[in-house]
Amino acid sequence: MLIHLDPQSFSEEALLPAAKILQSGGICAFPTETVYGLGANAFNEKAVSKIFEAKGRPQDNPLIVHVSDTAQLKDICYVTMQAKQLIAKFWGGPLTLILPKTDRIPRTVTAGLDTVAVRMPSHPIANALIRLTGLPIAAPSANLSGKPSPTTAQDVITDMDGRCDMIIDGGNCLWGVESTVLDLTVSPPAILRPGAVTKEMLSAEIGTVIYGTGVGAPKSPGMKYKHYAPQAPVLIVEAEDAVSAVSHHAANYEKPGILCFGYAKEAFHLPIAIYAGDDEAQYAARLFYSLREFDRQGADVIYAIPPHSGGIGDAVRNRLYKAAGGKTIQ
């Protein structure tokens, strides 16, 4: 079932069928301000298992629990003083916090860990759906495991048609990369996945924040496995002269593509060229859609010019390196 809603003007009554699906143990794809999510009742272990089945997701990859109100947290996790400070500043929005979990959250959600990832989306459709359902919603991105995350309903349909009970089309996602994940169970707090709430923003609020190493069992999605990968191999262009490096390397392929940033796409003379935007925020918003577009156009290799480090550029670089499996050309 597919429904179309304008996030700026919709009747909550239109969301009642989706809320009933979630209440009865079904799964539903819905838009958030980051990417589209595939949701299930976080308290229902059988319902949560349907997410893993639909996505082909490994069971040791934890999910994020979404809430519409901080009052829901008492049944999900133990909220620390640092968490309260960050919640007041950044929720609803693209920040996920890792906290000690309560016994009400099944270990299926947390991949057997005693911690749980929680966030409150700012997207009006997501927030209204969770509120109407009256339950916390466990939701990873609504894509087949390993593929680029979906930022449009059409991307969700491509991967999830026939695999979930309902898809809510709420237009394009604002940020285009998944939420920042901050582990508050370690000291200093560690970013396990960068996003739109940046290291600089977090440090300004609570002091020292570091990037986590990812050692041990993953507490966050996006840490252990290759992610965000299109069908064609992705190569990160770290060469000082990107045009020369790409031109030389691309001679080995029939239909190479370039994801341009900081260069005019015409400079590369490749069969497929996609412009990533004028700044890092635009790059983030266009990244996953662009990776899927290369597949739609039949690219046999994708060269990607990364943004500089810092701010949301860290999130873009993180996703590109995951998509490429760390492979670069110099």
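Table for the structure above
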quantity	calculated
Sulfur and carbon atoms: percent of accessible area, the range 32-109 [1.4 Å]	50
Residue-by-residue Karplus 3J(HN,Hα) for the range 237-250, coefficients 6.51, -1.76, 1.60, Hz, glycine and proline x	8, 9, 5, 5, 9, 5, 4, 5, 5, 5, 4, 5, 6, 5
Surface share of carbon and sulfur [accessible, 1.4 angstrom probe, percent] for the range 228-330	47
Set of aspartates and glutamates near Lys84 by C-alpha distance (under 18 Å), chain-local residues within fewer than 8 positions excluded	Asp69, Asp75, Asp183, Glu205
Listed residues Gln282, Gly298, Ala315: farthest to the positive end of the dipole of the range 276-319 (Cβ charges)	Gly298
Residue-span extension gain [Gln23 to Asp161] - 0.36 nm each, minus C-alpha spacing	47.6 nm
Taking the chain and dividing mean pair separation by its residue count, relative contact order in percent (alpha carbons under 8 Å, at least six apart)	20
Neighbour-limited loop hits for GluC sites (Glu not before Pro), the range 245-330 (at most 12 other Cβ within 10 Å; DSSP other than H, G, I, E, B)	Glu254
Spacing of the two label points (7 Å from each Cα toward its C-beta) at Thr328 and Leu2, in nm	4.1
Net length gained if the chain between Asp103 and Thr213 were fully extended (0.36 nm per residue, minus Cα distance)	36.9 nm
Chain lengthening between Ala251 and Lys89 when straightened (0.36 nm per residue, less Cα-Cα)	53.3 nm
Built amide H within the under 5 Å cut-off of Val116, gap 5+	Leu99, Lys101
Neighbour cut-off at most 14 other Cβ (10 Å), DSSP loop, chymotrypsin sites (Phe, Trp or Tyr not before Pro), the range 20-129	Tyr78
Charge tally in the Cβ shell below 15 Å around Gly277, where Lys, Arg are +1 and Asp, Glu are -1, Gly277 excluded	0
Shape of the range 227-294, Cα gyration tensor, a/c cut at 1.5	oblate
Surface accessible to a 1.4 Å probe, per residue, for the residues of the chain, Å²	40
Trypsin sites (Lys or Arg not before Pro) lying in DSSP loop within the range 232-330, provided at most 11 other Cβ fall within 10 Å	Lys327
HN-Hα J in Hz across the range 259-270 - Karplus 6.51, -1.76, 1.60, θ = phi - 60°, x for Gly and Pro	9, 8, 8, x, 9, 6, 5, 5, 5, 9, 6, 9
Cβ-derived FRET efficiency at R0 45 Å, Asp278 paired with Asp114, nearest 0.05	0.55
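The values are calculated or read from the model by the stated rules, or taken from the named source; none is laboratory data. Note that the structure is predicted; figures quoted are calculated from it, not measured. Reconstructed Cβ throughout: ideal geometry from the backbone, glycine too, with neighbour counts over all protein chains shown. In case anyone asks, the SASA skips ligands and DNA or RNA and just uses the protein heavy atoms, side chains included. Shrake-Rupley method; radii C 1.70, N 1.55, O 1.52, S 1.80 Å.
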